[in-house]
Amino acid sequence: MLILKGTPVFSDIATGRFAVFCGNSEFEERGKAGTPAEEIERFRSARTAALAELAELYKSAVEKVGQSGADLFEAHEMMLCDDDYIDAVETRIKDGDIRAEMAVDAAAKRISAAFRAMDNAYMRERAADVFDISNRVKRLLGSGETRDFSAYDGAVLCAEDLYASDMLQLHIGTLAGIVLSGGSVNSHTAILAQTLSIPMIVRTGMPFTEAGAHKTVLIDGFTGTVYIDPSEAIQKDMETKKNAYDKRKLQLSRLRDSVSRTADGRKLPVFANIGSPDNLLQVEENGAEGIGLFRSEFLYLDKEDYPTEEEQFAAYKEVAEKMGARPVIIRTLDMGADKQAAYFKLKKEINPALGMRAVRISLARPDLFKTQLRALCRASAFGKISVMFPLIVSLEEVLQCKALLQAVQAELKAQHLTYDEFMQVGIMIETPAAALISDVLAEEADFFSIGTNDLVQYTLAVDRQQTELDALFNPRHPAVLRLIQMTVENGHKAGIPVGICGDLGADLTLTETFLRMGVDELSVAPAAILPLREKICSLNLSK
């Protein structure tokens, strides 16, 4: 038995036969190169065929994982149409007098190296996308044959890495799990694994070969442990753990339509954090009492240009309509730091977490901000939408945001476009500055929502992206809890509710603490809703 340790992406227990995944990237460099003109024509034909494949994959992905998962293939199409990518390949063919396969390979290495050299973690992950599209072109330059993905039915896929496009071509319903020697928890593949509920472990550091073929692989997605050819004792232990987990999920599902109320009658509504309308299925499955955080920046990521007012309006309207009378809090654009899109053309910063991000971008680009605010206001006519401003550090920022909002509402009224004239306006408390002046900010807000991830980062001076500093990133630090308490007290003195929408809201060891502080609602990832509701219902604050 071989035991590997890695980082879990989706927590569950899975078992299946060992299968090394090679993907569609294999090609053989055979024969003499044609003339540069002939090789360029070969590349252009393969690129056209790749674009056709991506269009079909997009349609298939929409059916399997929804629009947000399918957006990947639109991004790949844009990469293949990018002039810099095309020029890099064709120039390499002309200058090197080489076959198109070699030119594509060289261009992919150069462009992906540029992505990997970027400071931003999200942009570094795009290096894998460059290799993904290049491998597709190389395959089409060769035999053009598609790999038989059905060969992996019932298997645990083991590979150095796995592209999201490969993953969506697999027979998802019969795939047992995924184990990668490399990979990342922030990759598109990891996001898809979470969306599709596929047990997955990355960064095991093990170079997989066919030597393990026909052996059994067992994944413990809770601890990040992989067992290859597990002993009978391990298999029995994991079977017991799996049965207990499935039973636990069934028990929690019975709370889906329950009210989040303590035994002594204190209500603490549990809302969901989402990034797109595609997350609404998980919201309903877990019985969210509202949307406490719609991360609107996800509508901007993985795009080649700013989403239009109509695109944003359609997304906000869909969520508002499907949630009906339940509240939907939409956070305005929170780009920058670890969330980047090339078309924003943000300057490289030594410390982007302390630089141009979130509301600072919105106020610096009022036309961009007004486009989003128009979409938000128009959508407010179709449900119970509230708007929330992120990364506030001063009263002046709040007043500027509200002035732009009022200007937009005046424009809409002049155009005879409807909106909720009583739409509530909230402030995110995610900096020590905002918490310390929360008594002043409360006079200009209808509600507060505490973003604990950034509040911890800025309070403790620990970069949340630096894994080497994980031991110092302590959400339970007394300073953090005091700032939360202060915010709740100041909010309540002004007569406004205070919620928590950061990861700390899902920490069951702090649920009673937050209740006793007077927190009015918690907003967490959809999968955390039912365990949190169970915890709330088990508490009795009168004792």
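Nearest 5 percent is fine: what portion of the DSSP beta bridges confined to region 176-331 is antiparallel? Looking only at bridges with both residues in region 176-331, the antiparallel portion is about 40 percent.
What's the local net charge at Phe271, with K and R +1, D and E -1, over the other residues with C-beta under 9 Å away?
Details: positive: Arg326; negative: Glu289, Glu521.
Neighbour charge sum, excluding Phe271 itself: -1.
Given only helices, namely DSSP H runs of n ≥ 4 each adding -39500 (n - 2.57), what is the per-residue ellipticity at 222 nm of the chain, to the nearest 500 deg cm²/dmol?
Taking each H run of at least 4 residues, the total per residue is -14500 deg cm²/dmol.
Local charge for His76 was computed over the other residues whose Cβ lies under 9 Å away, with Lys and Arg +1 and Asp and Glu -1, and equals -3.
The convex hull drawn around the Cα atoms of region 36-141, when projected onto a plane and averaged over every direction, covers 6.5 nm².
Take the Cβ atoms of Met1 and Arg476, set R0 to 41 Å, and the FRET efficiency comes out at 0.65. Binning the alpha carbon pair distances of the chain at 20 angstrom intervals from zero yields the distribution 19, 51, 27, 3, 0, expressed in whole percent. Between region 319-334 and region 355-369, how far is it from one alpha carbon centroid to the other, in angstrom? First find each Cα centre; the distance between them is then 21 Å. The Cβ shell under 11 Å around Pro36 holds other residues with a net charge of -2, Lys and Arg each +1, Asp and Glu each -1.
Per-residue Karplus couplings for region 7-19, computed as 6.51 cos²θ - 1.76 cosθ + 1.60 with θ equal to phi - 60°, are listed in order as 10, x, 10, 10, 8, 5, 9, 9, 9, x, 6, 5, 8 Hz, Gly and Pro entered as x.
Taking Lys322 as the anchor, which lysines have their alpha carbon closer than 16 Å to its alpha carbon, excluding any fewer than eight residues away along the same chain? Lys322 reaches Lys384.
The numbers here are math on the coordinates, done by the rules we state, and not lab data. This one's a predicted model, so the numbers in the text were calculated from it and none came from an experiment. Cβ sites come from the backbone with ideal geometry, for glycine too, and all protein chains shown count toward neighbours.
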